[in-house]
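Notes follow the structure.
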Amino acid sequence: MDAFFASVELLRYPQLKDLPVVIGGSRFTPQQEAALVQRWGSLADRPLAAFERLGGYVGRGVITTATYAARQFGVGSAMGLMKAARLCPQAILLPIDFARYRAYSQRFKEAILALAPVMEDRGVDEVYIDFTHAPGGQEAGGLALAQRLQAAILAATGLTCSIGVAPNKLLAKMASEFNKPRGIAIVWPHDLEAKIWPLPCRKINGIGPKANARLETLGITTIGQLAAYPAHKLVQHFGKATGAWLHRAAQGLDDRPVETHSEPVSMSRETTFDRDLHAVQDKAELGATFTWLCERVADDLQHAGYSGRTVGIKLRFSDFRSVTREMTVDYLLQDAATIRRLAGLCLRRAPLAQRIRLLGVRVGSLEEGAPPPEAAGADQPVAALRGVTPDLFGGL
DNA sequence: TCTGGGGTCCTTTACCTG
DNA sequence: TCTGCAGGTAAAGGACCC
(Lines give C-alpha, C1' and ligand atoms only; values in the text may rest on other atoms or scores of the structure.)
Protein backbone atom coordinates (compact mmCIF):
# COMPACT_ATOMS: atom_id res chain seq x y z
CA MET A 1 0.00 0.00 0.00
CA ASP A 2 1.61 3.26 -0.92
CA ALA A 3 -0.93 5.77 -2.13
CA PHE A 4 -4.33 6.98 -1.19
CA PHE A 5 -6.88 9.45 -2.34
CA ALA A 6 -9.00 11.91 -0.38
CA SER A 7 -11.98 13.91 -1.54
CA VAL A 8 -13.92 16.66 0.24
CA GLU A 9 -17.31 17.52 -1.12
CA LEU A 10 -17.68 21.14 -2.10
CA LEU A 11 -19.20 23.21 0.68
CA ARG A 12 -21.80 20.94 2.19
CA TYR A 13 -23.76 23.70 3.92
CA PRO A 14 -24.77 21.25 6.70
CA GLN A 15 -27.72 23.41 7.64
CA LEU A 16 -29.15 23.03 4.14
CA LYS A 17 -28.95 19.31 3.75
CA ASP A 18 -32.70 18.69 3.79
CA LEU A 19 -33.58 21.61 1.53
CA PRO A 20 -33.60 21.50 -2.24
CA VAL A 21 -30.70 23.83 -2.97
CA VAL A 22 -28.65 24.19 -6.10
CA ILE A 23 -25.46 26.17 -6.38
CA GLY A 24 -24.46 27.51 -9.73
CA GLY A 25 -25.12 30.03 -12.41
CA SER A 26 -22.92 32.98 -12.91
CA ARG A 27 -22.11 35.24 -10.05
CA PHE A 28 -24.35 38.21 -9.50
CA THR A 29 -23.62 41.16 -11.70
CA PRO A 30 -21.78 43.91 -9.82
CA GLN A 31 -24.98 45.97 -9.77
CA GLN A 32 -27.09 43.13 -8.35
CA GLU A 33 -24.45 42.39 -5.78
CA ALA A 34 -24.17 46.00 -4.71
CA ALA A 35 -27.93 46.19 -4.25
CA LEU A 36 -27.95 43.02 -2.15
CA VAL A 37 -25.03 44.08 0.00
CA GLN A 38 -26.76 47.38 0.64
CA ARG A 39 -29.82 45.51 1.79
CA TRP A 40 -28.24 42.77 3.90
CA GLY A 41 -24.79 44.04 4.83
CA SER A 42 -23.12 41.08 3.14
CA LEU A 43 -24.33 38.24 1.00
CA ALA A 44 -23.37 35.75 3.70
CA ASP A 45 -25.77 37.43 6.14
CA ARG A 46 -28.69 37.27 3.80
CA PRO A 47 -31.42 34.99 5.17
CA LEU A 48 -31.94 31.92 3.07
CA ALA A 49 -35.51 32.88 2.34
CA ALA A 50 -34.24 35.95 0.56
CA PHE A 51 -32.43 33.96 -2.07
CA GLU A 52 -34.02 33.44 -5.41
CA ARG A 53 -36.19 30.47 -6.12
CA LEU A 54 -35.00 28.58 -9.13
CA GLY A 55 -38.42 28.72 -10.78
CA GLY A 56 -38.58 31.24 -13.56
CA TYR A 57 -34.81 31.53 -13.79
CA VAL A 58 -33.65 33.07 -17.05
CA GLY A 59 -29.96 32.87 -17.75
CA ARG A 60 -27.28 30.61 -19.15
CA GLY A 61 -25.54 29.08 -16.18
CA VAL A 62 -25.24 25.46 -15.18
CA ILE A 63 -25.51 23.78 -11.80
CA THR A 64 -22.21 23.32 -9.99
CA THR A 65 -23.62 21.16 -7.26
CA ALA A 66 -26.95 20.31 -5.67
CA THR A 67 -28.10 18.93 -2.31
CA TYR A 68 -29.46 15.41 -2.26
CA ALA A 69 -32.91 16.86 -1.57
CA ALA A 70 -32.67 18.68 -4.91
CA ARG A 71 -31.22 15.69 -6.73
CA GLN A 72 -34.40 13.77 -5.96
CA PHE A 73 -36.08 15.93 -8.58
CA GLY A 74 -33.58 14.87 -11.20
CA VAL A 75 -31.41 17.95 -11.13
CA GLY A 76 -27.65 17.54 -10.86
CA SER A 77 -24.21 18.87 -11.70
CA ALA A 78 -23.66 20.35 -15.15
CA MET A 79 -27.38 20.62 -15.90
CA GLY A 80 -28.57 23.90 -17.38
CA LEU A 81 -30.33 26.09 -14.82
CA MET A 82 -33.29 26.67 -17.13
CA LYS A 83 -33.93 22.96 -17.31
CA ALA A 84 -33.43 22.55 -13.56
CA ALA A 85 -35.93 25.35 -12.98
CA ARG A 86 -38.55 23.36 -14.82
CA LEU A 87 -37.79 20.16 -12.89
CA CYS A 88 -37.64 21.78 -9.46
CA PRO A 89 -38.91 25.37 -9.47
CA GLN A 90 -39.10 25.46 -5.66
CA ALA A 91 -35.35 24.88 -5.30
CA ILE A 92 -33.29 27.68 -3.80
CA LEU A 93 -30.57 29.03 -6.06
CA LEU A 94 -27.35 30.06 -4.38
CA PRO A 95 -24.63 31.89 -6.24
CA ILE A 96 -21.12 30.45 -6.49
CA ASP A 97 -18.72 31.90 -3.94
CA PHE A 98 -15.25 31.01 -5.20
CA ALA A 99 -13.40 33.13 -2.66
CA ARG A 100 -15.02 31.17 0.13
CA TYR A 101 -14.31 27.78 -1.50
CA ARG A 102 -10.67 28.73 -1.96
CA ALA A 103 -10.35 29.64 1.71
CA TYR A 104 -11.83 26.29 2.77
CA SER A 105 -9.70 24.48 0.23
CA GLN A 106 -6.57 25.98 1.68
CA ARG A 107 -7.48 24.93 5.21
CA PHE A 108 -8.28 21.45 3.96
CA LYS A 109 -4.89 21.08 2.30
CA GLU A 110 -2.96 22.59 5.18
CA ALA A 111 -4.59 20.11 7.55
CA ILE A 112 -3.47 17.25 5.32
CA LEU A 113 0.06 18.53 4.79
CA ALA A 114 0.58 18.70 8.55
CA LEU A 115 0.06 14.92 8.76
CA ALA A 116 1.19 13.68 5.34
CA PRO A 117 3.55 15.97 3.44
CA VAL A 118 3.59 14.15 0.08
CA MET A 119 0.38 15.52 -1.43
CA GLU A 120 -0.77 16.13 -5.00
CA ASP A 121 -3.24 18.96 -5.57
CA ARG A 122 -6.13 17.94 -7.80
CA GLY A 123 -8.37 20.98 -7.52
CA VAL A 124 -10.38 22.67 -4.77
CA ASP A 125 -11.72 19.55 -3.15
CA GLU A 126 -9.45 16.67 -4.09
CA VAL A 127 -5.91 15.51 -3.43
CA TYR A 128 -3.76 12.42 -3.76
CA ILE A 129 -1.49 11.56 -0.87
CA ASP A 130 1.47 9.18 -0.75
CA PHE A 131 1.13 7.13 2.46
CA THR A 132 4.48 5.38 2.11
CA HIS A 133 6.49 7.38 4.59
CA ALA A 134 3.76 9.24 6.46
CA PRO A 135 3.31 8.34 10.14
CA GLY A 136 0.54 5.76 10.44
CA GLY A 137 0.41 5.29 6.68
CA GLN A 138 1.17 1.60 6.94
CA GLU A 139 -0.87 0.90 10.09
CA ALA A 140 -3.92 -1.26 9.47
CA GLY A 141 -3.57 -0.81 5.74
CA GLY A 142 -3.55 2.96 6.09
CA LEU A 143 -6.74 3.09 8.13
CA ALA A 144 -5.01 4.77 11.07
CA LEU A 145 -3.74 7.68 9.02
CA ALA A 146 -7.00 7.99 7.07
CA GLN A 147 -8.93 8.36 10.31
CA ARG A 148 -6.49 10.94 11.61
CA LEU A 149 -6.84 12.90 8.38
CA GLN A 150 -10.61 12.91 8.53
CA ALA A 151 -10.53 14.20 12.09
CA ALA A 152 -8.01 16.91 11.22
CA ILE A 153 -10.02 18.03 8.16
CA LEU A 154 -13.22 18.16 10.19
CA ALA A 155 -11.52 20.21 12.88
CA ALA A 156 -10.01 22.62 10.37
CA THR A 157 -13.03 23.10 8.11
CA GLY A 158 -16.13 21.60 9.70
CA LEU A 159 -16.47 19.51 6.53
CA THR A 160 -16.55 15.78 6.08
CA CYS A 161 -14.68 13.89 3.40
CA SER A 162 -14.44 10.43 1.96
CA ILE A 163 -11.12 8.66 1.64
CA GLY A 164 -9.99 5.74 -0.47
CA VAL A 165 -6.79 3.86 0.29
CA ALA A 166 -5.30 1.62 -2.39
CA PRO A 167 -2.01 0.50 -3.98
CA ASN A 168 -2.11 3.29 -6.58
CA LYS A 169 -3.87 6.51 -7.54
CA LEU A 170 -6.25 4.88 -10.02
CA LEU A 171 -7.68 2.44 -7.47
CA ALA A 172 -7.57 4.95 -4.64
CA LYS A 173 -9.75 7.34 -6.64
CA MET A 174 -12.31 4.60 -7.24
CA ALA A 175 -12.14 3.53 -3.61
CA SER A 176 -12.87 7.06 -2.44
CA GLU A 177 -16.33 6.76 -3.98
CA PHE A 178 -17.24 3.58 -2.18
CA ASN A 179 -18.27 5.17 1.11
CA LYS A 180 -19.37 8.69 0.23
CA PRO A 181 -19.84 11.13 1.78
CA ARG A 182 -17.78 10.47 4.88
CA GLY A 183 -16.40 6.95 4.81
CA ILE A 184 -13.03 5.31 4.43
CA ALA A 185 -12.59 2.47 1.96
CA ILE A 186 -9.49 0.30 1.67
CA VAL A 187 -8.93 -1.63 -1.53
CA TRP A 188 -6.26 -4.35 -1.54
CA PRO A 189 -4.72 -5.82 -4.68
CA HIS A 190 -6.69 -9.03 -4.15
CA ASP A 191 -9.96 -7.04 -4.09
CA LEU A 192 -9.70 -6.28 -7.81
CA GLU A 193 -11.97 -9.06 -8.99
CA ALA A 194 -14.65 -8.64 -6.35
CA LYS A 195 -14.75 -4.87 -5.92
CA ILE A 196 -13.47 -3.29 -9.14
CA TRP A 197 -14.37 -5.59 -12.01
CA PRO A 198 -18.16 -5.44 -11.44
CA LEU A 199 -18.10 -1.63 -11.78
CA PRO A 200 -19.07 0.13 -15.02
CA CYS A 201 -16.12 1.36 -17.11
CA ARG A 202 -17.21 4.95 -16.48
CA LYS A 203 -15.89 4.62 -12.94
CA ILE A 204 -12.33 4.67 -14.27
CA ASN A 205 -11.00 8.20 -14.00
CA GLY A 206 -10.30 9.09 -17.62
CA ILE A 207 -13.13 7.16 -19.28
CA GLY A 208 -15.80 9.73 -20.07
CA PRO A 209 -19.05 9.54 -22.02
CA LYS A 210 -17.38 9.23 -25.44
CA ALA A 211 -14.94 6.45 -24.60
CA ASN A 212 -17.70 4.68 -22.70
CA ALA A 213 -20.00 4.74 -25.71
CA ARG A 214 -17.24 3.32 -27.93
CA LEU A 215 -16.59 0.54 -25.42
CA GLU A 216 -20.29 -0.27 -25.36
CA THR A 217 -20.30 -0.81 -29.11
CA LEU A 218 -17.67 -3.49 -28.46
CA GLY A 219 -19.97 -5.09 -25.91
CA ILE A 220 -17.89 -3.85 -22.99
CA THR A 221 -19.80 -2.33 -20.11
CA THR A 222 -17.94 -3.42 -16.97
CA ILE A 223 -14.29 -3.08 -15.97
CA GLY A 224 -14.13 -6.88 -15.76
CA GLN A 225 -15.20 -7.18 -19.39
CA LEU A 226 -12.61 -4.58 -20.31
CA ALA A 227 -9.94 -6.57 -18.44
CA ALA A 228 -10.88 -9.70 -20.35
CA TYR A 229 -10.83 -8.00 -23.75
CA PRO A 230 -7.67 -8.71 -25.80
CA ALA A 231 -5.16 -5.88 -25.48
CA HIS A 232 -4.28 -5.87 -29.18
CA LYS A 233 -7.94 -5.31 -30.09
CA LEU A 234 -8.14 -2.35 -27.73
CA VAL A 235 -5.07 -0.94 -29.47
CA GLN A 236 -6.78 -1.45 -32.83
CA HIS A 237 -9.84 0.49 -31.72
CA PHE A 238 -8.33 3.22 -29.56
CA GLY A 239 -4.79 3.63 -30.80
CA LYS A 240 -1.52 2.59 -29.23
CA ALA A 241 -1.40 4.82 -26.16
CA THR A 242 -5.07 4.80 -25.18
CA GLY A 243 -5.53 1.11 -25.97
CA ALA A 244 -2.61 0.11 -23.77
CA TRP A 245 -3.75 2.42 -21.01
CA LEU A 246 -7.30 1.00 -21.03
CA HIS A 247 -5.91 -2.50 -20.75
CA ARG A 248 -3.65 -1.64 -17.82
CA ALA A 249 -6.33 0.38 -16.03
CA ALA A 250 -8.74 -2.55 -16.17
CA GLN A 251 -6.10 -4.72 -14.48
CA GLY A 252 -5.88 -2.10 -11.73
CA LEU A 253 -2.37 -1.11 -12.83
CA ASP A 254 -1.12 2.45 -12.51
CA ASP A 255 2.42 3.56 -11.74
CA ARG A 256 1.98 7.34 -11.77
CA PRO A 257 3.72 8.88 -8.77
CA VAL A 258 2.09 11.43 -6.48
CA GLU A 259 3.24 14.76 -7.94
CA THR A 260 3.83 17.35 -5.25
CA HIS A 261 4.61 20.14 -7.68
CA SER A 262 3.32 21.18 -11.09
CA GLU A 263 3.98 24.11 -13.38
CA PRO A 264 1.06 25.74 -15.21
CA VAL A 265 0.95 25.14 -18.96
CA SER A 266 -1.52 27.85 -19.92
CA MET A 267 -3.77 30.52 -18.47
CA SER A 268 -7.05 31.58 -20.00
CA ARG A 269 -10.22 33.56 -19.49
CA GLU A 270 -13.48 33.06 -21.28
CA THR A 271 -17.02 34.30 -21.01
CA THR A 272 -20.43 33.33 -22.28
CA PHE A 273 -22.60 36.26 -23.32
CA ASP A 274 -26.14 36.75 -22.07
CA ARG A 275 -27.23 36.61 -25.70
CA ASP A 276 -25.42 35.50 -28.85
CA LEU A 277 -23.58 38.40 -30.42
CA HIS A 278 -22.99 39.29 -34.05
CA ALA A 279 -19.45 40.19 -35.18
CA VAL A 280 -20.64 43.27 -37.04
CA GLN A 281 -23.81 44.43 -35.29
CA ASP A 282 -22.38 43.90 -31.82
CA LYS A 283 -18.85 44.93 -32.67
CA ALA A 284 -18.55 47.39 -29.80
CA GLU A 285 -19.61 44.93 -27.12
CA LEU A 286 -17.45 42.16 -28.54
CA GLY A 287 -14.44 44.44 -28.83
CA ALA A 288 -14.77 45.65 -25.24
CA THR A 289 -15.11 42.10 -23.92
CA PHE A 290 -12.21 40.93 -26.06
CA THR A 291 -9.93 43.59 -24.62
CA TRP A 292 -11.20 42.92 -21.10
CA LEU A 293 -10.40 39.21 -21.41
CA CYS A 294 -6.87 40.03 -22.60
CA GLU A 295 -6.42 42.32 -19.60
CA ARG A 296 -7.65 39.61 -17.24
CA VAL A 297 -5.21 37.05 -18.67
CA ALA A 298 -2.37 39.57 -18.46
CA ASP A 299 -3.28 40.24 -14.83
CA ASP A 300 -3.35 36.54 -14.06
CA LEU A 301 0.05 36.02 -15.70
CA GLN A 302 1.61 38.93 -13.86
CA HIS A 303 0.19 37.97 -10.48
CA ALA A 304 1.33 34.39 -10.89
CA GLY A 305 4.70 35.47 -12.29
CA TYR A 306 4.57 33.80 -15.70
CA SER A 307 4.97 34.82 -19.30
CA GLY A 308 4.24 32.87 -22.47
CA ARG A 309 4.88 32.71 -26.20
CA THR A 310 1.60 31.31 -27.52
CA VAL A 311 -1.59 33.36 -27.72
CA GLY A 312 -4.90 31.81 -28.70
CA ILE A 313 -8.59 32.59 -28.93
CA LYS A 314 -11.68 30.46 -28.63
CA LEU A 315 -15.08 31.14 -30.14
CA ARG A 316 -18.25 29.23 -29.47
CA PHE A 317 -21.11 29.86 -31.88
CA SER A 318 -24.85 29.85 -31.39
CA ASP A 319 -24.99 26.20 -32.47
CA PHE A 320 -22.43 25.37 -29.75
CA ARG A 321 -19.71 24.46 -32.22
CA SER A 322 -16.41 25.96 -31.23
CA VAL A 323 -13.22 26.90 -33.00
CA THR A 324 -9.79 27.87 -31.71
CA ARG A 325 -6.98 29.79 -33.35
CA GLU A 326 -3.53 30.33 -31.91
CA MET A 327 -0.10 31.62 -32.83
CA THR A 328 3.33 31.22 -31.34
CA VAL A 329 5.95 33.96 -31.39
CA ASP A 330 9.65 33.78 -30.61
CA TYR A 331 9.57 36.07 -27.59
CA LEU A 332 7.94 35.96 -24.16
CA LEU A 333 4.99 38.21 -23.35
CA GLN A 334 2.73 38.91 -20.42
CA ASP A 335 1.24 42.35 -21.14
CA ALA A 336 -2.33 43.04 -22.20
CA ALA A 337 -1.45 45.10 -25.28
CA THR A 338 0.68 42.38 -26.85
CA ILE A 339 -1.83 39.68 -26.00
CA ARG A 340 -4.58 41.82 -27.50
CA ARG A 341 -2.60 42.41 -30.68
CA LEU A 342 -1.77 38.74 -31.24
CA ALA A 343 -5.26 37.61 -30.26
CA GLY A 344 -6.58 40.07 -32.82
CA LEU A 345 -4.48 38.38 -35.49
CA CYS A 346 -5.87 35.01 -34.48
CA LEU A 347 -9.37 36.41 -34.75
CA ARG A 348 -8.79 37.36 -38.38
CA ARG A 349 -8.31 33.72 -39.20
CA ALA A 350 -11.57 32.65 -37.58
CA PRO A 351 -14.94 32.38 -39.32
CA LEU A 352 -17.30 35.10 -38.06
CA ALA A 353 -20.51 34.57 -40.00
CA GLN A 354 -22.37 32.95 -37.15
CA ARG A 355 -23.48 34.58 -33.95
CA ILE A 356 -21.03 34.21 -31.08
CA ARG A 357 -22.00 32.69 -27.76
CA LEU A 358 -18.63 32.54 -26.04
CA LEU A 359 -15.31 34.32 -26.40
CA GLY A 360 -12.05 33.22 -24.77
CA VAL A 361 -8.39 34.25 -24.71
CA ARG A 362 -5.51 31.96 -23.75
CA VAL A 363 -1.75 32.30 -23.28
CA GLY A 364 0.32 29.11 -23.42
CA SER A 365 3.93 27.87 -23.62
CA LEU A 366 4.42 29.44 -20.21
CA GLU A 367 7.73 30.10 -18.52
CA GLU A 368 8.32 31.37 -15.03
CA GLY A 369 9.21 35.03 -14.65
CA ALA A 370 8.63 38.27 -16.51
CA PRO A 371 9.85 38.62 -20.09
CA PRO A 372 13.34 40.16 -20.46
CA PRO A 373 13.09 43.96 -20.95
CA GLU A 374 14.25 43.94 -24.59
CA ALA A 375 11.30 41.73 -25.46
CA ALA A 376 8.88 44.55 -24.74
CA GLY A 377 9.20 45.97 -28.24
CA ALA A 378 9.65 42.64 -29.95
CA ASP A 379 6.89 42.61 -32.48
CA GLN A 380 8.60 41.55 -35.68
CA PRO A 381 6.15 38.83 -36.67
CA VAL A 382 3.29 41.21 -35.99
CA ALA A 383 4.83 44.23 -37.68
CA ALA A 384 4.79 42.43 -41.00
CA LEU A 385 1.03 42.05 -40.77
CA ARG A 386 0.14 45.28 -39.08
CA GLY A 387 -1.99 47.61 -41.10
CA VAL A 388 -3.16 44.95 -43.50
CA THR A 389 -6.75 45.16 -42.33
CA PRO A 390 -8.38 47.09 -39.55
CA ASP A 391 -8.50 44.95 -36.45
CA LEU A 392 -11.72 43.05 -35.94
CA PHE A 393 -13.84 44.07 -32.99
CA GLY A 394 -11.95 47.37 -33.06
CA GLY A 395 -10.33 48.87 -30.02
CA LEU A 396 -6.72 48.23 -30.95
C1' DT B 1 -34.59 23.12 -23.98
C1' DC B 2 -30.41 23.18 -23.22
C1' DT B 3 -25.30 22.98 -22.42
C1' DG B 4 -19.98 27.62 -17.17
C1' DG B 5 -15.12 28.35 -16.58
C1' DG B 6 -10.50 26.97 -15.96
C1' DG B 7 -7.46 23.71 -16.87
C1' DT B 8 -4.52 19.24 -18.95
C1' DC B 9 -3.50 15.95 -22.28
C1' DC B 10 -3.99 13.32 -26.54
C1' DT B 11 -5.03 12.68 -31.49
C1' DT B 12 -5.47 14.29 -36.00
C1' DT B 13 -4.15 17.18 -39.61
C1' DA B 14 -1.49 20.43 -42.20
C1' DC B 15 2.71 21.84 -43.58
C1' DC B 16 7.71 21.95 -44.09
C1' DT B 17 12.06 19.69 -45.10
C1' DG B 18 15.17 16.29 -46.84
C1' DT C 1 10.41 18.64 -62.17
C1' DC C 2 7.34 15.53 -60.22
C1' DT C 3 6.11 12.05 -56.86
C1' DG C 4 6.41 9.38 -52.78
C1' DC C 5 7.81 8.92 -48.27
C1' DA C 6 9.36 9.81 -43.57
C1' DG C 7 9.98 12.62 -39.66
C1' DG C 8 9.24 16.74 -37.06
C1' DT C 9 6.41 20.40 -35.44
C1' DA C 10 2.62 23.71 -34.95
C1' DA C 11 -2.12 24.26 -35.02
C1' DA C 12 -6.81 22.66 -34.37
C1' DG C 13 -10.04 19.88 -32.24
C1' DG C 14 -11.83 17.26 -28.76
C1' DA C 15 -12.16 14.35 -24.50
C1' DC C 16 -11.89 14.66 -19.89
C1' DC C 17 -11.62 16.45 -15.06
C1' DC C 18 -12.84 19.47 -11.00
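For first residues located in the stretch A:310-321 and closer than 12 Å to A:Ala353 by Cβ, partners that are among the small types (Gly, Ala, Ser) and more than 8 Å from DNA strand B (Cβ to nearest atom) and lie 6+ apart or on another chain with Cβ distances below 6 Å form the pairs A:Leu315/A:Ala350.
Being within 16 Å of DNA strand B (Cβ to nearest atom) and either in a loop (DSSP other than H, G, I, E, B) or modelled with pLDDT of 95 or more (or both) is the filter here, so list the residues in the stretch A:201-210 that pass it.
Of the residues in the stretch A:201-210, the ones within 16 Å of DNA strand B (Cβ to nearest atom) are A:204-210.
Result: A:Ile204, A:Asn205, A:Gly206, A:Ile207, A:Gly208.
Give me the residue from the stretch A:185-200 that is assigned to a helix (DSSP H, G or I) and free of Cβ contacts under 8 Å to residues at least 40 places away in the same chain and, out of that set, nearest to A:Ala175 (Cα to Cα).
Taking the stretch A:185-200 first, the residues assigned to a helix (DSSP H, G or I) are A:189-196.
Cutting the leftovers down to free of Cβ contacts under 8 Å to residues at least 40 places away in the same chain gives us A:190-191, A:193-195.
Details: A:His190: 14, A:Asp191: 11, A:Glu193: 14, A:Ala194: 13, A:Lys195: 9 Å.
Top of the filtered list is A:Lys195.
Residues in the stretch A:212-269 that are in contact with a Lys or Arg (Cβ under 6 Å, 6 or more places away or on another chain) and within 13 Å of DNA strand C (Cβ to nearest atom): A:Asn212, A:Ser266, A:Ser268. Criterion first (surrounded by fewer than 13 Cβ atoms within 10 Å (Cβ to Cβ), within 13 Å of DNA strand B (Cβ to nearest atom) and of a type in the set (Ser, Thr, Tyr)) does A:Ser262 satisfy it? So A:Ser262 fits the description; yes. A search for C-beta distances below 7 Å between a residue of the stretch A:332-358 that is farther than 20 Å from A:Gly305 by Cβ and any residue that is part of a helix (DSSP H, G or I) and at pLDDT below 95, counting only pairs 6+ apart in sequence or on different chains, returns A:Arg341/A:Val382; A:Leu342/A:Val382; A:Leu345/A:Val382.
A:Ala151 falls short on exactly one of the conditions (1) in a helix (DSSP H, G or I); (2) touching a helix residue (DSSP H, G or I) at 6+ places or on another chain (Cβ under 8 Å); (3) exposed (fewer than 15 other Cβ atoms within 10 Å of the Cβ), and that condition is (2).
In contact with a Phe, Trp or Tyr (Cβ under 7 Å, 6 or more places away or on another chain), over 30 Å from A:Glu367 (Cβ atoms) and either of a type outside the set (Phe, Trp, Tyr) or at pLDDT 95 or above (or both): is that true of A:Leu234 in this structure? Outline the logic, then answer.
Numbers: in contact with a Phe, Trp or Tyr (Cβ under 7 Å, 6 or more places away or on another chain): no; over 30 Å from A:Glu367 (Cβ atoms): yes; either of a type outside the set (Phe, Trp, Tyr) or at pLDDT 95 or above (or both): yes.
So A:Leu234 does not fit the description; no.
Selection of the stretch A:333-371 for residues being part of a strand (DSSP E or B), more than 9 Å from DNA strand C (Cβ to nearest atom) and under 14 Å from A:Val297 (Cβ atoms) yields A:Leu333, A:Leu359, A:Gly360, A:Val361, A:Arg362, A:Val363. Residues that are within 16 Å of DNA strand B (Cβ to nearest atom) and surrounded by 15 or more Cβ atoms within 10 Å (Cβ to Cβ) number at least 1 in the following helices (runs of 4 or more DSSP H) confined to the stretch A:213-255: A:231-238, A:240-250. When A:Gly136, A:Gly123 are checked against the criterion of being within 13 Å of DNA strand C (Cβ to nearest atom), outside any helix (DSSP H, G or I) and free of Cβ contacts under 8 Å to residues at least 24 places away in the same chain, A:Gly123 stands alone in meeting it. Against the numbered list (1) loosely packed, with under 15 Cβ neighbours inside 10 Å; (2) part of a strand (DSSP E or B); (3) within 15 Å of DNA strand B (Cβ to nearest atom); (4) modelled with pLDDT under 95, A:Thr324 comes up short only at (4). Inspection of the stretch A:133-145 finds no residue satisfying the criterion of being within 16 Å of DNA strand B (Cβ to nearest atom) and either surrounded by fewer than 17 Cβ atoms within 10 Å (Cβ to Cβ) or closer than 15 Å to A:Ser7 by Cα (or both). Pairing each residue of the stretch A:239-267 that is β-branched (Val, Ile, Thr) with any residue that is within 15 Å of DNA strand C (Cβ to nearest atom) and in a helix (DSSP H, G or I), provided the two are 6+ apart or on different chains, yields C-beta distances under 9 Å for A:Thr242/A:Ala211; A:Thr242/A:Leu234; A:Val258/A:Lys169.
The number of residues in the stretch A:351-396 being of a type in the set (D, E, K, R), modelled with pLDDT under 50 and closer than 29 Å to A:Pro264 by Cα comes to 1.
For the stretch A:74-95, the criterion of being surrounded by fewer than 17 Cβ atoms within 10 Å (Cβ to Cβ), in the same structural domain as A:Glu52 (by TED's automatic domain parsing), away from DNA strand C (no atom under 16 Å from the Cβ) and under 23 Å from A:Lys180 (Cα atoms) is met by at least one residue.
Here A:His303 meets each of (1) surrounded by 12 or more Cβ atoms within 10 Å (Cβ to Cβ); (2) more than 16 Å from DNA strand C (Cβ to nearest atom); (3) of a type outside the set (Gly, Ala, Ser) with one exception, condition (1). The set of residues in the stretch A:155-175 that are of a type in the set (S, T, N, Q) and under 18 Å from A:Thr132 (Cβ atoms) contains only A:Asn168.
Confirm whether A:Arg275 is in contact with a Lys or Arg (Cβ under 9 Å, 6 or more places away or on another chain) and exposed (fewer than 13 other Cβ atoms within 10 Å of the Cβ). Can you show your working first?
Working: in contact with a Lys or Arg (Cβ under 9 Å, 6 or more places away or on another chain): yes; exposed (fewer than 13 other Cβ atoms within 10 Å of the Cβ): yes.
Considered against the rule, which asks whether it is in contact with a Lys or Arg (Cβ under 9 Å, 6 or more places away or on another chain) and exposed (fewer than 13 other Cβ atoms within 10 Å of the Cβ), A:Arg275 comes out as yes.
The values are calculated or read from the model by the stated rules, or taken from the named source; none is laboratory data. Keep in mind that what you see is a predicted model, and the values were worked out from it rather than measured. Quick reminder, even Gly has a Cβ in these numbers, built from the backbone with ideal geometry, and neighbours come from all protein chains shown.
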